[in-house]
1. How many residues are outside any loop (DSSP other than H, G, I, E, B) and more than 16 Å from the ligand (Cβ to nearest atom) if we restrict to region 223-257?
2. Please specify each residue of region 201-222 satisfying the condition of being out of contact with any strand residue (DSSP E or B) (no Cβ under 6 Å at 6 or more places or on another chain) and away from the ligand (no atom under 12 Å from the Cβ).
3. All but one of (1) farther than 18 Å from Ile173 by Cβ; (2) surrounded by 13 or more Cβ atoms within 10 Å (Cβ to Cβ) hold for Glu96; which doesn't?
4. Restricting the search to region 32-46, which residues are over 27 Å from Phe69 (Cβ atoms) and either touching a Lys or Arg at 6+ places or on another chain (Cβ under 7 Å) or in a strand (DSSP E or B) (or both)?
5. Return the residues of region 81-108 that are without any contact (Cβ under 8 Å) to a residue 24 or more places away in the chain and in a helix (DSSP H, G or I); say none if nothing qualifies.
6. Do you know which residues across region 214-241 are within 25 Å of Leu183 (Cα to Cα) and within 18 Å of the chain's Cα centre (by Cα)?
7. Which of the residues that make up region 1-31 are within 29 Å of Lys147 (Cβ to Cβ) and either assigned to a loop (DSSP other than H, G, I, E, B) or basic (Lys, Arg) (or both)?
8. Could we say that Phe4 is within 30 Å of Arg211 (Cβ to Cβ) and in contact with an Asp or Glu (Cβ under 6 Å, 6 or more places away or on another chain) here?
Amino acid sequence: MKAFHHPDEAQHAPDFFLMRGRVRANYEVPARAASLREGLSALGITPETPPPAPPAALLSVHTAEYLDFLEHAAAAWAQLPEAGREIVANIHPTPEMLAQSSRRPEHVIARTGAHTADTACPIGPGTWTAAVGAAGCALAAADVAAKGGTAYALCRPPGHHAYAARAGGHCYINNSALAAQRLRAAGAKRVAVLDIDSHHGNGTQGIFWEREDVLTISLHADPSRYYPWYVGFAEEKGAANLNLPQPFGTGDDVWLAALADGIAAIRAFRAEALVVPLGFDASDFEPLAALKVTADGFARAGQAIGALRLPTAICQEGGYNVEILGRLLERFLTGFGEAA
Ligand SMILES: [Zn+2]
């Protein structure tokens, strides 16, 4: 299997993370990529370096205003008196403000509030360069899938919480959405996105909310007590989406049964190509451990998804236990390869 990783991704090395009122170390760190590369190496796979994503591709799922903010915010922030190293919002426009506002935000602080959903997406000097490199990996994987193959994109920062005009939850550019859109542009009439990260793929759902040609499925922990809190519930119905929230503590068998429901939906949709936003934070070994999926569980998930025998772009999303990430990737891809 081909794989892609861009060295520029290491330029995103965030510090800031706010949890339950405490500032602590961010865990979406460059060491994650090193662990995942070890997993690839164990399979004899050396990732290729693709070109960074070109502007036209980014504009296929994001707004021009948002991309301009992401690219230039760090320089504007650095001009502020006593600025910190990273951009973190201290205000977001409320629905009441938006209903009455008459001006587009111009100051970097106002733009930050408008273009970020939460405090979990700090923007540092290297974030834009890293995100564009990661997006290039997703596009390269989609190009392999467009020719009927399967490829893995080692994307970091991840992407599935990013909306068309908003960063959030460690995500800036929605790599999986870019891959799905690229597959549509390459001729696949219907594309399915099967997200198995433990968090709801809210950005991807949002980007394709009104689209009948892209089915977004997300298998994740119950958002009534987990990020992204406001969406990810089973009753949400866009033009083509399916949410499969699972109770906290769900283990392999129940999780895989829900995955089978997602796979059945993909067959019913008659998808011609597949994108898999692949997170490992459903693992039993995660620091947050909302779900209890084992390494065997990820291998079985790989088998089940591979058995669809669809052209597939696999895009890395979350998973934060650096000690075990590579092993989980190795098991998932091995399972996928056995079935495909
Ligand atoms: Zn996640």
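1. 9
2. Residues satisfying the conditions are Ile207, Trp209, Glu210, Arg211, Glu212, Asp213.
3. (2)
4. Our first condition is that a residue be over 27 Å from Phe69 (Cβ atoms); within region 32-46, this holds for 34-46.
Gly39 - this is the single residue of region 32-46 that is over 27 Å from Phe69 (Cβ atoms) and either touching a Lys or Arg at 6+ places or on another chain (Cβ under 7 Å) or in a strand (DSSP E or B) (or both).
5. Within region 81-108, Pro95, Glu96, Met97, Leu98, Ala99, Gln100 qualify.
6. Scanning region 214-241 gives Val214, Leu215, Thr216, Ile217, Ser218, Leu219, His220, Gly232, Asn241.
7. Met1, Lys2, His5, His6 - these are the residues of region 1-31 that are within 29 Å of Lys147 (Cβ to Cβ) and either assigned to a loop (DSSP other than H, G, I, E, B) or basic (Lys, Arg) (or both).
8. Working: within 30 Å of Arg211 (Cβ to Cβ): yes; in contact with an Asp or Glu (Cβ under 6 Å, 6 or more places away or on another chain): yes.
Spelling it out, Phe4 is indeed within 30 Å of Arg211 (Cβ to Cβ) and in contact with an Asp or Glu (Cβ under 6 Å, 6 or more places away or on another chain).
Bear in mind that the values in this text are calculations on the coordinates, not laboratory data. Predicted, not measured: the structure shown is a model, and the values here were computed from it. Note that each Cβ is placed from the backbone with ideal geometry, even for glycine, and that neighbours are counted across all protein chains shown.
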